[in-house]
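Written below as structure tokens is the structure these notes are about.
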Amino acid sequence: MHQSPRYLSPWDATLESPTEKHPCHRLPLPPPTSPNKPPKKSPSKWKKGKLLGRGTFGHVFAGFNSENGTMCAVKEVKVITDDQTSKECLKQLNQEISLLSELSHPNIVQYYGSELGSDKLSVYLEYASGGSVHKLLGEYGPFKEPVIRSYTRQILSGLAYLHARNTVHRDIKGANILVDPNGEIKLADFGMAKHMTSCSSMLSFKGSPYWMAPEVIMNAHGYSLAVDIWSLGCTVLEMATSKPPWSQYEGVAAIFKIANSKGFPEIPNNLSKDAQNFIKLCLQREPTARPTALKLLQHPFVQDQSMVEPTKFNLVDDRRRPSKGSWDEISLASSLPESPCSNSTQQCKSACGSSHRSSYQTSY
């Protein structure tokens, strides 16, 4: 697991020092990584506002910078040194901070800083006032295809950025995708994310069942970046129907169905042929048969010329994009390019460039 020592040390010291009644450590802000990136805000300048959502481990509040008037989201977790649940939550938040502090992309929620007080940890994140895709679906119903197309392309852009850094999100779903007032997508909730050294596979059971890839459920030979592509296909269906695939099943029945089903879940007939083809490509049961995020950015479903480009990042290589016909002729079973992490370590470096409900109403 990729972790940053500068955050582990003060946290561990706080959790393992029962003699200190009120330990308090301020975690340093990471240096800016881009001249276009907003300057980091000092946590002491942020004022906590209204409650945005609550979950098992803590709460999310709106935050206000009293010096320049900008907004943020404040994720707060109570620090209880003798509580195993609290320790696990702090571990996940430390992992999230470690990853987010190294990322800079318009489709990934921005990290501003963290502060550990006497009884709580506060994490300061970019505020997307539109809430999550899951929340919007609950309020407004299924999205029309142009909206699904725009959101899907932006999700892919964020995933391509992550995967180029050998980082897998592991929990892509509507509840973890935020929307700002301009329709810009932000991938959020990196508590499950993991950096993969070389092309190592993972064996841990992480993610949300309805969006979980079969290889994660089977947990036989580990899994790779391709799990995010499966979850993306489930999320596209979620946006089209307001519910994830196989949602008619519950608990163990749902997990069994996902692990053993040989066919595709029900795909709405009102979706275009390109959209249906895109979903089927993502939901290939064999991980190596799923296209990479970079490859899917070339798919005609997300290549609508009338759509405003969501990002300035040039993530697609200069190879000629397949024509519409060539995508239609692709064999869904076996003719697709392999995921980078199904190849050797060197090939991977070359290819990569070196519960049904959300815990929070607004997920961060």
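Tabulated data for the structure shown
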| quantity | calculated |
| --- | --- |
| Pairs, first in the same structural domain as MET218 (by TED's automatic domain parsing) in segment 257-282, second aromatic (Phe, Trp, Tyr) and in a loop (DSSP other than H, G, I, E, B), C-beta under 9 Å, six or more apart | LYS257/TRP246; LYS257/TYR249; ILE258/TRP246; ILE258/TYR249; SER261/TRP246; PRO265/TRP246; ILE279/PHE264; LYS280/PHE264 |
| Qualifying residue in segment 72-87 (condition: at pLDDT 85 or above and closer than 30 Å to HIS299 by Cα) | no |
| Selected residue (only one of VAL147, VAL179, VAL74 is crowded, with 24+ Cβ neighbours inside 10 Å and either assigned by TED's automatic domain parsing to the domain that holds ALA275 or farther than 30 Å from LYS295 by Cα (or both)) | VAL74 |
| Helices (runs of 4 or more DSSP H) enclosed by segment 243-327 - at least 1 residues per element that are aromatic (Phe, Trp, Tyr) and at pLDDT 80 or above | 273-282 |
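The values are calculated or read from the model by the stated rules, or taken from the named source; none is laboratory data. As the structure is a prediction and not an experimental result, all values here were calculated from the model. Heads up, the Cβs are rebuilt from the backbone with ideal geometry, glycines too, and the neighbour counts pull from every protein chain shown.
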